Amino acid sequence: PLSPAAVVGAGLGGSASAYFLQQHFGPQVQLDVYEAAGVGGRLATVTVNKQQYESRGASIHALSLHMQDFVKILGLKHRREVAGKSAIFSGEHFVLEETDWYLLNLFRLWWHYGISFLRLQMWVEEVMEKFMRIYKYQAHGYAFSSLEELLRSLGGEAFVNMTQRSVAESLLEVGVTQRFVDDVIAAVLRSSYGQSVLVPAFAGAMSLAGAQGSTWAVEGGNKLVCSGLLKLTKANVISATVTGISLHSSEGRALYQVHYESSEGQGSAFYDLVVVTTPLHPSRSNFTFDNFDPPIADLPGAFQPSVTSVVHGYLNSSYFGFPDPKLFPFTSILTTDTPELFFHAMDNICPVNVSAAFRRKQPQEAAVWRVLSPRPLDKPQLKTLFRSYYSVQVAEWPTYPRYDAAKALPPVVLHESLFYLSGVEWVASSMEMTAVAAKNVALLAYNRWHQQLDKIDQKDLMHKVKTEL
């Protein structure tokens, strides 16, 4: 039997890994989860006027089946939707404005961009439909030892290629116009990844699916999923920074020694199985691996710095061409890829607890806005966006991989029972993608531990799963 297992990181990846490991290996497995900062990772909240707001990782796509499951199992609720309209700003004018009337929106898109809009929808739907096969494979216990194998089983070589070429290239190929790519696609990718239409097609498709589908969030904050899963698995959360892992062997099996630093000083512990869910890129961590032969190589790649400013203040609507603030209709502003624009997107955000009596502030009132930008906003930039403000809270982090199309995807298996979860972000970065990867790692660990090799990297799974039914 598997004795103790360790998970490094208590964000969504870590807490979902702990939950799925326990689900597959059984309740007797002892789980240590190491976390230096705080449970929830990037799913953090900030407090403004005694109310909490999501600072990141805000919306979850309707088809996120693992996230839906977590919410059900934990007895959490979907946050009440508060309607609002979005628009895309070019730095000079709005290139696209949403109205209250859905058909008029469609008509506007149609009028401006013709068949591009339909072609985009068909492209995204086709990708999502194939991606959804993963739930069936996972329900049957199948796992994949690399991200390439996982993608291949869902959509063949075409899916693997989608991690190596840009979303712009793929969309132009299916007949979407350059203008639609520049105005609409660019704005969506800037608001989700803080990057341009050169992000890989697969990551782009996931982000575009979220932009056009219905999305939801967890009442009380998305981070409640993390703390809930860790409680449910009765995991032992250790407040420490993991500094490295060294390999030992015991009775022919690999044994991993996890070295850590906490407020009490340095320590270490031995495990049969370890899942690392924090990024292993040299720029993000100084993790060392000792005694591994061949050595575990440094992972290539860089991260996109991204700044979230939560501002409580009065929007300067005249900057957006509305001299009378009462008439400003939008709660979400996306932007096109224009050199003089210093921010990627801004939203008038609601607190994580939305009561039935909650109403949005009128546009002329002070509201809480979340501004996403590549660099911290300086005073003149804040004054451009806001007439005046009470408070600004800034969170700066290297959030998303800087997607350079030519790279190979990071490995999932670092050693026999040592697994790496965060590499999935190089395929696409979303809460559900992380949950899918966590389930895959748990199944992979289980199948390898029990030598069930017929459950790993199988070809023609669609057929296999059909016959198993």
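Element breakdown for the stretch 341-419 at a 1.4 angstrom probe: carbon and sulfur atoms account for 52% of the accessible area. Take the Cα of GLN364, step 7 Å toward its Cβ, do the same at GLN266, and the gap between the two points is 6.4 nm. Taking the centroid of alpha carbons for each part, the stretch 308-383 and the stretch 225-286 are 40 Å apart.
Using the 1.4 Å probe convention, the accessible area of the chain works out to 44 Å² per residue with neighbouring protein chains retained. Between GLU92 and SER318, the contour length at 0.36 nm per residue exceeds the Cα-Cα span by 80.2 nm. When the chain is fully extended, how far beyond the present Cα-Cα distance does THR338 get from ASP69, taking 0.36 nm per residue of separation? So the extension gain works out to 92.8 nm. Note on ARG179 and GLN52: their simple-model spin labels are 4.6 nm apart, each label 7 Å out from Cα toward Cβ. Stokes-Einstein at 10 °C, 1.306 mPa s, Kirkwood radius from Cα pairs: D for the stretch 5-110 in µm² s⁻¹? Value of D from the Cα-based Kirkwood radius: 89 µm²/s. Computed on the stretch 25-135, with alpha-carbon pairs under 8 angstrom and 6+ residues apart, the relative contact order is 10 percent. For the stretch 168-263, trypsin sites (Lys or Arg not before Pro) are listed when DSSP marks them as loop and at most 16 other Cβ atoms sit within 10 Å of their Cβ; the list is LYS234.
If you plug the beta carbon distance of GLN452 and LYS231 into 1/(1 + (r/R0)^6) with R0 = 35 Å, you get a FRET efficiency near 0.70. Mind running the shape call on the stretch 148-232? Use the C-alpha gyration tensor, a ≥ b ≥ c as the square roots of the eigenvalues: rounded below 1.5 for a/c, prolate if a/b tops b/c, oblate otherwise. Oblate shape, in that a/c is at least 1.5 and b/c is the bigger or equal ratio. Which residues does the label zone of ARG402 cover in the stretch 297-325, counting backbone N under 17 Å from a point 7 Å along Cα→Cβ? Counting backbone N atoms under 17 Å from the label point, the list is 299-307. In the stretch 169-303, the portion of solvent-accessible area held by carbon and sulfur atoms comes to 50 percent [1.4 Å probe, whole percent, DNA, RNA and ligands not counted].
Multiplying the residue separation of ASP293 and ARG133 by 0.36 nm and subtracting their alpha-carbon distance yields 54.0 nm. Beyond 24 Å in Cα-Cα separation lie the following of the pairs LYS85/LYS379; LYS136/LYS439; LYS407/LYS466; LYS77/LYS466; LYS231/LYS455: LYS85/LYS379; LYS407/LYS466; LYS77/LYS466; LYS231/LYS455. Computed from the C-beta positions of GLU416 and ARG108, the FRET efficiency with R₀ = 51 Å rounds to 0.35.
Each Cα pair under 8 Å and six or more residues apart adds its separation to the average, and for the chain the resulting relative contact order is 26 percent. When a/c is below 1.5 the answer is rounded, else prolate if a/b is larger than b/c, else oblate, so apply that to the stretch 64-139 with a ≥ b ≥ c taken from the square roots of the Cα gyration tensor eigenvalues. Verdict is oblate for the stretch 64-139. Between ARG387 and MET122, what FRET efficiency follows from the Cβ-Cβ distance if R0 is 41 Å, with the result rounded to 0.05? Efficiency at R0 = 41 Å is approximately 0.40. Could you give the Stokes-Einstein D for the stretch 141-187 in µm² per second, using the C-alpha Kirkwood radius, 37 °C, 0.692 mPa s? The diffusion coefficient I find is 269 µm²/s. Taking max minus min of the alpha-carbon positions on each principal axis, the chain gives extents of 76, 52, 40 Å, largest first. Relative to one another, the C-alpha centroids of the stretch 10-45 and the stretch 150-188 are positioned 33 Å apart. Ordering 63-72, 432-441 by mean Cβ neighbour count within 10 Å, with the highest value first, yields 432-441, 63-72. Helix 116-131 and the longest principal axis of the Cα set of the chain meet at an angle near 20°.
The values are calculated or read from the model by the stated rules, or taken from the named source; none is laboratory data. Values in this document were obtained by computation on a predicted structure and should not be read as measured data. FYI the Cβ positions are ideal-geometry reconstructions off the backbone, even for glycines, and counts take in every protein chain you see. Note: accessible area is taken over every heavy atom of the protein model, side chains too, but ligands, DNA and RNA are not part of it. Shrake-Rupley method; radii C 1.70, N 1.55, O 1.52, S 1.80 Å.
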